[in-house]
Amino acid sequence: MADYSQASGNYARRAPSRAGNRRKKFSPAIQWILSVVLMGLIFAVYFDLCLIFTRFNLFDLTAGAKWILLLVLAALSIILIVLLALYGDWKRPVIALLVCLTLYIPANYSNLGKIPYLRTLWIQTAYSTMRHQGLMHLFLPWITDAECKRVDAAKLAQVGHNSTAEHEETAEDILSVPDFQDEIVKEIEEEDPGFDALTDEQKRFYTLFYELDRDSCESYLAEHPAAVENGYANILINHSALGDQGTSIRTKLGEKVLAIDAANGILIVEIDAKDRRSGTTSRAVLAVAKDPSRLRLCPATTLPHYGQVVGKIAQANGGVLAMTGSGFIDEGGVGNGGQIAGFAMCSGVTYGDHYGYGYKRIELHENNWFYIADAYTKCGTGTTDCMEFQPSLFVDGVRQDIGAWYAVNPRACIGQSKYGEILMLCVEGRRSDSPGCSLETCSDILERHRAETAMNCDGGTTAILWFRGNPIIHCSNSAIPQGRYLPNAWVYQGK
């Protein structure tokens with residue numbers, strides 16, 4: 001085809017168009033996607049190199065598999081670079097790279113504001129839940145290594161911090177121990193001048209449940225006379241089920257009372273667990289069981305094939321109160337509770353193998369007292385029930401250093417007060433209104449309740465507390481309100 005030239009008055013042939021030779025560009029959206037994928041691959045190559053050189057074992061791959069993965073990632077990166085060079089705009093991958101660096105560098109190295117806390121929280125959550133450890137090694141290799149070493153150091157620091165004093169008396173209902181009863185009555189009389197005017201039945205009740213604020217309790221009983229129609233010794237108030245609002249009864253510490261089971265010596269309270277480091281507040285539930293002779297670590301009847309939920313284990317063993325017991329092998333977060341992690345003893349029958357150096361064991365002896373020992377050692381004489389985990393929280397009434405476990409998570413702890421009472425504490429977590437707390441916060445709560453001995457149990461989705469047929473804390477996985485399948489549970493048996 002020719003065009004007419006007015007300058008020369010002649011027709012001239014048009015130069016051949018290059019439009020047909022131009023490559024068709026990817027759409028901007030496709031270019032952005034490829035750019036982001038490219039940056040991810042570049043970071044993956046970089047960090048996989050770091051993992052190889054620092055001998056990390058990403059997803060348990062062998063060294064040969066790591067090199068194959070590295071070559072595959074490098075090849076994919078080169079292909080994407082060529083594609084973007086031929087069919088895209090070089091500015092987009094550069095922008096994507098800058099954005100990645102802008103996000104990554106502060107996350108990895110900055111100590112401003114809450115960045116160090118959130119960074120460490122993510123790492124600790126990974127290692128306490130076994131969910132995203134590979135991602136930790138991938139994106140924060142050096143910091144993860146440093147944090148793991150710090151946690152290991154904290155575990156090792158607890159080695160040798162074990163129970164030393166052997167209790168001379170057998171722990172029973174605190175009213176059957178004269179020294180305990182005299183100490184409690186003296187304390188009550190100092191706080192409550194009207195205590196001496198009460199009936200013997202009331203005195204026994206308020207001595208057993210010395211934590212209660214008497215005015216709020218009497219006010220509640222006046223409004224609900226049916227609760228006391230069978231006498232104070234048989235009071236049964238239960239507003240602990242999920243969805244219940246609890247009672248108007250308060251403890252002297254200001255905690256809301258959810259349940260009182262006088263016949264079985266059980267007091268259940270709701271506590272606002274305020275975490276010092278994160279500034280968050282979560283829902284905690286503490287059950288105080290007055291007679292330790294009724295406590296046993298009971299196995300699931302389905303072992304070793306799979307575990308059972310806490311409620312099933314409790315009901316099979318005459319329990320009115322129960323909570324999380326041993327941890328279990330949970331690869332990929334899909335364990336069925338059939339394989340106990342660590343060593344356990346249930347009424348003299350043993351399960352599993354001892355944890356290694358740095359782990360702890362909580363032992364219930366024939367005298368109904370808890371003792372703390374190193375997991376790698378043999379069980380103490382007179383042990384009837386025990387489980388292993390870490391860390392210990394209280395030993396011989398002394399609060400233990402647990403500074404490495406301050407991630408905000410669902411928690412489960414078991415212990416015993418100076419009066420022999422069993423303390424079962426669970427904290428809800430991973431919920432919008434209750435993110436969880438650190439073990440430091442758990443120790444704060446247990447200390448206010450005079451803990452003598454206490455240890456952390458398996459938390460996360462495993463943390464559960466059960467009373468009279470119902471779970472009384474929300475499992476962190478709302479799809480399984482009864483909690484996960486567990487190999488065993490601490491069960492407090494009822495009359």
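The values are calculated or read from the model by the stated rules, or taken from the named source; none is laboratory data. Because the structure is predicted, anything quoted here is derived from the model rather than measured. FYI the Cβ positions are ideal-geometry reconstructions off the backbone, even for glycines, and counts take in every protein chain you see. Just the protein is used for accessible areas: all its heavy atoms, side chains included, with ligands, DNA and RNA removed. Shrake-Rupley method; radii C 1.70, N 1.55, O 1.52, S 1.80 Å.
For this structure, a couple of remarks:
- Screening GLU172 with (1) more than 35 Å from the chain's Cα centre (by Cα); (2) open to solvent by 80 Å² or more (accessible area, probe 1.4 Å) gives one miss only, at (1).
- Residue selected from the range 453-479 under the condition over 18 Å from ALA300 (Cα atoms) and of a type in the set (A, V, I, L, M), by the criterion surrounded by the fewest Cβ atoms within 10 Å (Cβ to Cβ): ALA479
- Taken over the range 379-401, the residue count meeting the criterion of being closer than 21 Å to ALA412 by Cβ, part of a loop (DSSP other than H, G, I, E, B) and open to solvent by 50 Å² or more (accessible area, probe 1.4 Å) is 1.
- Residue-level analysis places GLY352 outside the set of residues that are at positive phi, open to solvent by less than 50 Å² (accessible area, probe 1.4 Å) and under 20 Å from the mean Cα position of the chain (by Cα).
- Just one of the listed residues (ALA226, ALA259) is buried (at least 17 other Cβ atoms within 10 Å of the Cβ), at pLDDT 95 or above and over 20 Å from ASP192 (Cβ atoms), and it is ALA259.
- Filtered by the rule that a residue be without any contact (Cβ under 8 Å) to a residue 40 or more places away in the chain and among the polar types (S, T, N, Q), the range 478-495 gives a lone residue, SER478.
- Filtered residue count, the range 356-378, keeping only those that are part of a loop (DSSP other than H, G, I, E, B) and surrounded by 20 or more Cβ atoms within 10 Å (Cβ to Cβ): 4
- Any hit, the range 432-441, residues being open to solvent by less than 10 Å² (accessible area, probe 1.4 Å), hydrophobic (A, V, I, L, M, F, W, C) and assigned to a loop (DSSP other than H, G, I, E, B): no
- Taking the range 285-326 as the range and being of a type in the set (Ser, Thr, Tyr), buried (at least 24 other Cβ atoms within 10 Å of the Cβ) and not in a loop (DSSP other than H, G, I, E, B) as the test, only THR324 passes.
- Residue in the range 337-348 that is open to solvent by 40 Å² or more (accessible area, probe 1.4 Å), free of Cβ contacts under 8 Å to residues at least 60 places away in the same chain, over 23 Å from SER476 (Cα atoms) and not basic (Lys, Arg) present: yes
- Evaluation of TYR355 against the conditions (1) in contact (Cβ under 8 Å) with a residue 60 or more places away in the chain; (2) farther than 25 Å from ASN477 by Cβ; (3) of a type outside the set (Gly, Ala, Ser) shows that the sole unmet condition is (1).
- For the range 199-218, the set of residues classified as open to solvent by 50 Å² or more (accessible area, probe 1.4 Å) and either within 33 Å of the chain's Cα centre (by Cα) or of a type in the set (Gly, Ala, Ser) (or both) consists of ASP213 only.
- Exactly one residue among VAL185, VAL159, VAL151 is without any contact (Cβ under 8 Å) to a residue 60 or more places away in the chain and not charged (D, E, K, R), and that residue is VAL185.
- Evaluation of THR164 against (1) modelled with pLDDT of 95 or more; (2) more than 30 Å from ILE464 (Cβ to Cβ); (3) not small (Gly, Ala, Ser) (one fails), failing number: (1)
- Of all the residues in the range 403-418, those that are open to solvent by less than 10 Å² (accessible area, probe 1.4 Å) and among the β-branched types (Val, Ile, Thr) number 1.
- Residue within the range 453-471 that is in a loop (DSSP other than H, G, I, E, B) and farther than 26 Å from ARG399 by Cβ present: yes
- Filtered by the rule that a residue be part of a helix (DSSP H, G or I) and open to solvent by 10 Å² or more (accessible area, probe 1.4 Å), the range 442-452 gives ASP444, GLU447, ARG448.
- Test: CYS426 is under 17 Å from HIS161 (Cβ atoms), in a strand (DSSP E or B) and among the hydrophobic types (A, V, I, L, M, F, W, C): no
- Conditions (1) closer than 21 Å to LEU423 by Cβ; (2) part of a helix (DSSP H, G or I); number of the one not met by GLU189: (1)
- Residue match in the range 190-198 (condition: open to solvent by less than 60 Å² (accessible area, probe 1.4 Å), small (Gly, Ala, Ser) and in contact (Cβ under 8 Å) with a residue 24 or more places away in the chain): no
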